[in-house]
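The values are calculated or read from the model by the stated rules, or taken from the named source; none is laboratory data. Predicted, not measured: the structure shown is a model, and the values here were computed from it. We place every Cβ from the backbone using ideal geometry, glycine too, and count neighbours over all the protein chains shown. Heavy atoms of the whole protein, side chains included, go into the accessibility calculation; ligands, DNA and RNA do not. Shrake-Rupley method; radii C 1.70, N 1.55, O 1.52, S 1.80 Å.
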Amino acid sequence: MLFRRRKPDGLLERVRTYLWPRRSFSRSLQYFSKRILRLKATPHAVAAGVAAGVFASFFPVGFHFAIAAIVCWLIAGNLVAAALGAVFFGNPLTFPLLWGASWETGKLILHERLPKHGPPAQLGDMMHTLSFAKLWHPVLEPMLIGAVPLGLVFGLLFYGITRWGMNAFREQRRKRLAERARRHGQSSHPTGSIGSAAR
């Protein structure tokens, strides 16, 4: 394949690039924005797909891609947009913030039901020391319940931003194509006039 690297990146380099892109986060943001804006789907479908991906990012690993697909199907979203939204919004750098926020929100909602003298109140300690069965009540249940309101708020926010961006991008492209057609018509008109005058 043309322009392929002579020496492919190793596993550690690929992980490093995923965590810290070579071309800075602003370039990565531009890349994801262009990928989303150029999708061949209606503005609602693209915006709904991104919202589904953002919504699902608040859920623990193992749940969020399945949840993104289900939500995407329910709200008639674009599955590619959902995958792009999930990858951009939910990544190894943001997961600690998203999951910590979901856990804290879930603890507030389930305050009366959480044990008062349970495991240590550190999420990282629980994830390392407790089994899945023991993680359910103190960690996973609050995270799953807390993820719903946070995912709805941020999903709706990104739905609005994405739909506005899609409409603005397509309107700008429509005007650009119309302007190009107008210029092409003007450039071909004098030739036609001269030919008719000569006849």
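Counting only helices (runs of 4 or more DSSP H) wholly contained in region 1-102, the ones carrying 2 or more residues that are more than 16 Å from LEU156 (Cβ to Cβ), at pLDDT 70 or above and under 16 Å from the mean Cα position of the chain (by Cα) occupy 24-37, 64-74, 79-89. Restricting the first member to region 47-76 and to residues that are surrounded by fewer than 21 Cβ atoms within 10 Å (Cβ to Cβ), and the second to residues that are polar (S, T, N, Q), the beta-carbon pairs closer than 9 Å and six or more apart or on different chains are PRO60/SER102; ALA76/THR42.
Condition check ((1) modelled with pLDDT under 75; (2) open to solvent by less than 40 Å² (accessible area, probe 1.4 Å)) across all residues:
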residue	(1), (2)
PRO120	yes, no
GLY151	no, yes
GLY155	no, yes
ASN167	no, no
GLU171	no, no
SER196	yes, no
